[in-house]
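Shown next, in structure tokens, is the structure this report addresses.
Read-outs throughout are calculated quantities, based only on the coordinates presented, and are distinct from any laboratory measurement. This structure is a prediction, so every number in the text was calculated from the model and none was measured. Here the Cβ is made from the backbone with ideal geometry for all residues, glycine too, and neighbour counts use every protein chain on show.
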Amino acid sequence: MENKKQDKHLSKRSGFTLIEIILVVVIIGILAGIGIPRLGGQSDKAKIGQAQGNISSLGMAIREYEIINGDYPSSLDGLLDESKGGPFLEKKVIPKDPWGSSYIYAAPGSHNNHTFDLSCTSKKGKIINNWE
């Protein structure tokens, strides 16, 4: 009989109360509210890094084109021209910037007078380029 009392006593105490569950959910919400804003700017930094890497890769392809052809391409599409020794890009496609726009290319450049300018602009207005 005493064994049944212990079983009833244990069954009433097993599990969590509604207040305990609400308290845990509130604490998790507070921690998420603190942590998520700190991570918010990281995706923009990652996209800027990706754009810098793409500009560097495109710049190497443009220089290779110039070495083979003696002049810079009139547009980035020239990097895919097979009659000029191309394609100079491994994936055989001109990449878009991380924000979905085309890279801005000019040869000769206004910033790099004897070579070329290559740039893009982030959604927040930061200019990523090959002259700074």
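Listed by position, the strands (runs of 3 or more DSSP E) enclosed by region 81-132 that each have at least 1 residues that are acidic (D, E) are 117-121.
As a summary of the residue check, F88 satisfies the conditions (1) surrounded by 14 or more Cβ atoms within 10 Å (Cβ to Cβ); (2) closer than 17 Å to S119 by Cα except for the one numbered (2).
Of everything in region 63-85 that's hydrophobic (A, V, I, L, M, F, W, C) and farther than 13 Å from Y103 by Cα, which residue is surrounded by the fewest Cβ atoms within 10 Å (Cβ to Cβ)?
Kept after step one, since they are hydrophobic (A, V, I, L, M, F, W, C), are these residues of region 63-85: 67-68, 76, 79-80.
Checking the rest, the ones that are also farther than 13 Å from Y103 by Cα come to 67-68, 79-80.
Numbers: I67: 9, I68: 12, L79: 21, L80: 16.
The residue in question is I67.
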